[in-house]
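Taking it in order: structure first as structure tokens, then the write-up.
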Amino acid sequence: MIKSIKSVPNLSKTDFLNVLKMVPTVVVEVIVKDENGILLGKRNTEPFKGLWHFTGGFIQYNEKITDAVKRVAKRETGADVEIVKLLGVYEYINDDPRGHILALAHIVKIVGGTVAPNPDNTELKYFRSAPEDMIPYQKKIFLDALKS
């Protein structure tokens, strides 16, 4: 069983990333929703640098989905969160340059920590409507989160 790129013999990082693009990748989208609105981060990395987005990230090997949600929330916002519910599963096939992505969007509430941007996000801000300069394919998730 492959546990990391280092455990794949004779496969360069470039080749590994090319193989990764041939299969769907599963990620979590962390949707902090409270009386202030929905929390978004302004991306500081490519792809989509400078656009607003949900904090999110790849699920790691042998990581439970719920643990991934909490890890990503802590890393990208500084907050400890509790999962309220699974909002839905969203599929991006030709929308993201990283390949075919299955996103498990979770609504969460903050239960601790201090909300602050990290190197991946230049800013964190609450919105009551989707900003124009948001990653386009995430706007549907935003609208669904508003309704829930």
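A compact table of results
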{"item": "Qualifying residue in the range 99-111 (condition: surrounded by fewer than 16 Cβ atoms within 10 Å (Cβ to Cβ), assigned to a loop (DSSP other than H, G, I, E, B) and of a type outside the set (Asp, Glu))", "result": "no"}
{"item": "Some residue of the range 59-69 being closer than 19 Å to LYS147 by Cα, in a loop (DSSP other than H, G, I, E, B) and among the polar types (S, T, N, Q)", "result": "no"}
{"item": "Residue within the range 70-88 that is assigned to a strand (DSSP E or B), closer than 13 Å to LEU39 by Cβ and either of a type outside the set (A, V, I, L, M) or without any contact (Cβ under 8 Å) to a residue 12 or more places away in the chain (or both) present", "result": "no"}
{"item": "Test: residue in the range 54-68 that is small (Gly, Ala, Ser), free of Cβ contacts under 8 Å to residues at least 40 places away in the same chain and under 27 Å from ASN18 (Cα atoms)", "result": "yes"}
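Residues are listed down the side, and each one gets a yes or a no for (1) more than 28 Å from ASP133 (Cβ to Cβ); (2) touching a helix residue (DSSP H, G or I) at 6+ places or on another chain (Cβ under 8 Å); (3) crowded, with 19+ Cβ neighbours inside 10 Å:
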{"residue": "ASN10", "(1), (2), (3)": "yes, no, no"}
{"residue": "LEU17", "(1), (2), (3)": "no, no, no"}
{"residue": "GLY41", "(1), (2), (3)": "no, yes, yes"}
{"residue": "THR45", "(1), (2), (3)": "no, no, no"}
{"residue": "THR55", "(1), (2), (3)": "no, yes, yes"}
{"residue": "GLU76", "(1), (2), (3)": "no, no, yes"}
{"residue": "ASP96", "(1), (2), (3)": "no, yes, no"}
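Yes or no, residue by residue, for (1) of a type in the set (A, V, I, L, M); (2) at pLDDT below 95:
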site: LYS6; (1), (2): no, yes
site: SER12; (1), (2): no, yes
site: THR25; (1), (2): no, yes
site: VAL28; (1), (2): yes, no
site: ASP34; (1), (2): no, no
site: THR45; (1), (2): no, yes
site: TYR61; (1), (2): no, yes
site: ASP80; (1), (2): no, no
site: ILE101; (1), (2): yes, yes
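The values are calculated or read from the model by the stated rules, or taken from the named source; none is laboratory data. The structure presented is a predicted model; accordingly, all values stated were derived computationally and were not measured. Glycine gets a Cβ as well: all are built from the backbone with ideal geometry, and neighbour counts include every protein chain shown.
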